[in-house]
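The values are calculated or read from the model by the stated rules, or taken from the named source; none is laboratory data. On a predicted model such as this, the values are computed, not experimentally measured, just so you know. With ideal geometry, Cβ positions are generated from the backbone for all residues, glycine too; neighbour counts draw on all protein chains shown.
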Amino acid sequence: MTRTRPEPVQVVKQRRDNALRVIVEGVPYAQFLGIEFERHGDELTAVLPFNEKLIGNPALPALHGGATAAFLEVTAIIELSWSMVWEDLETGRIDAGDLDRTHLPRLPKTIDFTVDYLRSGLPRDAYARARVNRSGRRYASVHVEGWQDNRSRLFAQATGHFLMPSRDE
């Protein structure tokens, strides 16, 4: 009995990175804010690089609350999309080569999104991670945490509920 050789690690990484890049490029507002994503296996960390245009209160200075909320919401949407695409990539339902700007997976739609501003966002890079609490065929619940210098000192957190796109669309 012969076994099929596993794909080289670099090929698998490249396929996953391409899929993530296509998903992130499908959210123009993420590009406007400059949000980037770091991938380690199936875990994503969102990075909001500091930019003067993100300052809401120049007297402090502090990140604008709307930029903070948008950062957390984009992180939740990308995490949900990534979890759907990850499953399809790993089971072979889709090929990363099939993903491009014209064949983007449909993104979840926000039902509601509640942000808790725990402290002022400082004028420096911010990071966020989302955790999918529940994801069904039609509905998903996500919790997002945002921090800057210290992961245990959150500056904002959010909970969102999303309408999931059907798998056959």
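Below, the figures for the structure above:
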| item | result |
| --- | --- |
| Pairs where the first residue, in segment 111-127, is among the β-branched types (Val, Ile, Thr) and the second is loosely packed, with under 15 Cβ neighbours inside 10 Å, C-beta under 8 Å, 6+ apart | ILE111/TYR139; ILE111/LEU163 |
| Segment 8-48: number of residues that are of a type in the set (Asp, Glu) and out of contact with any helix residue (DSSP H, G or I) (no Cβ under 7 Å at 6 or more places or on another chain) | 4 |
| ASP112 vs. criteria farther than 17 Å from ILE77 by Cβ and either crowded, with 16+ Cβ neighbours inside 10 Å or modelled with pLDDT of 95 or more (or both) | no |
| The lone exception for VAL74 - which of (1) surrounded by 20 or more Cβ atoms within 10 Å (Cβ to Cβ); (2) of a type in the set (Val, Ile, Thr); (3) modelled with pLDDT under 95 it fails | (3) |
| Selection from segment 17-58 of residues that are of a type in the set (Phe, Trp, Tyr) and surrounded by 18 or more Cβ atoms within 10 Å (Cβ to Cβ) | PHE37 |
| Qualifying positions in segment 135-169 - more than 13 Å from ILE111 (Cβ to Cβ), part of a strand (DSSP E or B) and either out of contact with any Asp or Glu (no Cβ under 8 Å at 6 or more places or on another chain) or β-branched (Val, Ile, Thr) (or both) | SER135, HIS143, VAL144, GLU145, GLY146, TRP147, PHE155 |
| Test for LEU89: is it within 27 Å of LYS13 (Cβ to Cβ), of a type in the set (A, V, I, L, M), at pLDDT below 95 and under 14 Å from the mean Cα position of the chain (by Cα) | no |
